[in-house]
Amino acid sequence: MNPRRALLAAASGLLAAPGLARAWEPARPVQLIIGFPPGGGTDLQARALAEAAARHFPVPLIALNRPGAGGAIAAQQVAGMAPDGLNLLVGGGSESTSLPAFRDLPYDPKRSFRAVIRMTRQPLLIVAKRGGRYETVAQFIDAAKRAPGTVSHASSGIGSIYHAVFVLLTNKAGVEMLHVPFSGGAPSLQALLAGTVDLAVLAPEETGGMVQSGEIRALAVCSADRIPILPQVPTLREQGWDLVIENMKGLNAPAGLPDEIYVSLHDRFRRAMNEPAWTGFLERTGTFPGYLDGPGYQAATDAVIDALRAALRK
């Protein structure tokens, strides 16, 4: 058996054994706690999944925004909650991967949670305002070389995965840029549209079709492959930069979550991922499906943490 499936299969087998308790059923609403403001990529994914999963739960699913500190406020809150299956972090992004590489946190992303399921691999875009100074990655890198600190970029917070894109790119290019942190992707987009910053990193769903309409210009895809809904936008690798970084999103429970609750949550959300409300959302936004079970999801986030820590040590 695939080792990433071993824990899920073992727990499922236990529940099927004679004489054991019935599968867990939530008695109160299940909260999906989001570490970023409404309108950003994490928020939109969480609400789409909650809609798709509604018919698979006997109780409501409630999306709650607890923005701040690149998602760390929400992560700390969930880490301190009871492992009863009723409070789940919409994690896998900054709070689970890049923030731990930048600084110490009041929780341990490898030990404070039990990963439940990965939902998506989320491509990231480097974008500029239409009519702005830069039309290519090469242009803003050259400008940053000529005048260090004058090219500005927004992010969803210091140490966020969006910030990490520019940290890794500027390290490779040997340039200095001005970082302007915000509390999420939506405020970053607002700053870009207002001309407050030159560049931003955003998820495709956060642009709301503005790349397709020409209101903002996508300069690069940070994934290994181009995005089907934006086939004209080249990757960083295609432009000469050996850099691949993606966001990912999944659900994390507090550490200590019992096996029977894990299995019930995993299976319900896995079925939700076949619902039209979810598959349609992925198609509309260009978000890559990225299902992994709990152990596989944990291994994927751990790998990003380790890679960023290694890069920052150079």
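The values are calculated or read from the model by the stated rules, or taken from the named source; none is laboratory data. Here the structure is a predicted model, which is why all the values come from computation and not from measurement. Every residue, glycine among them, receives a Cβ derived from its backbone with ideal geometry; neighbour counts consider all protein chains shown. Heads up: the accessible areas ignore ligands, DNA and RNA and are worked out on the full protein's heavy atoms, side chains in. Shrake-Rupley method; radii C 1.70, N 1.55, O 1.52, S 1.80 Å.
Out of the total accessible area of the chain (probe 1.4 Å, heavy atoms of protein only), what percent is carbon and sulfur?
Ligands and nucleic acids excluded, carbon and sulfur reach 53 percent.
Is segment 146-253 best put as rounded, prolate or oblate by its Cα gyration tensor, with a ≥ b ≥ c the root eigenvalues, rounded for a/c under 1.5, and otherwise prolate when a/b is larger than b/c, oblate when not?
Since a/c stays below 1.5, the shape of segment 146-253 is classed as rounded.
Please label the shape of segment 128-186 as rounded, prolate or oblate, based on the square roots a ≥ b ≥ c of the eigenvalues of the alpha-carbon gyration tensor (a/c under 1.5 means rounded; beyond that, a/b larger than b/c means prolate, else oblate).
Verdict is oblate for segment 128-186.
How big is the gap, in Å, between the Cα center of segment 161-213 and the Cα center of segment 237-314?
21
Please report the net charge: other residues with Cβ closer than 12 Å to the Cβ of Leu257, K and R +1, D and E -1.
-2
Determine the order of Glu275, Glu25, Glu95 by accessible area, beginning with the largest, at a probe radius of 1.4 Å.
Glu25, Glu275, Glu95
For n ≥ 4 DSSP H runs only, could you compute -39500 (n - 2.57) per run for the chain, divide by its residues and tell me the 222 nm figure to the nearest 500?
That comes out to -11500 deg cm²/dmol.
Accessible area per residue for the chain in Å², computed with a 1.4 Å probe and the full protein assembly in place, what is it?
40
Taking amide hydrogens as modeled 1.01 Å from N in the peptide plane, which residues meet the under 5 Å criterion relative to Ala63, leaving out close sequence neighbours?
Close amide H contacts, sequence-distant or interchain: Leu32.
Which one, Ser160, Leu292, Thr279, projects farthest toward the positive side of the charge dipole computed for the chain from Cβ point charges (K/R +1, D/E -1)?
Checking the options against the dipole of the chain, the answer is Ser160.
Check Glu215: other-chain or 5+ apart residues with amide H under 5 Å from its amide H, H built from backbone geometry?
Excluding prolines and chain starts, which carry no amide H, there are no hits.
Just order 215-226, 138-149 by mean Cβ neighbour count inside 10 Å, highest at the front, would you?
So the order, starting with the most tightly packed, is 215-226, 138-149.
Nothing charged except the Cβ atoms of Lys and Arg (+1) and of Asp and Glu (-1): what's the magnitude of the dipole of the chain about its Cα centre? Round to the nearest 20 debye.
Approximately 200 debye in magnitude.
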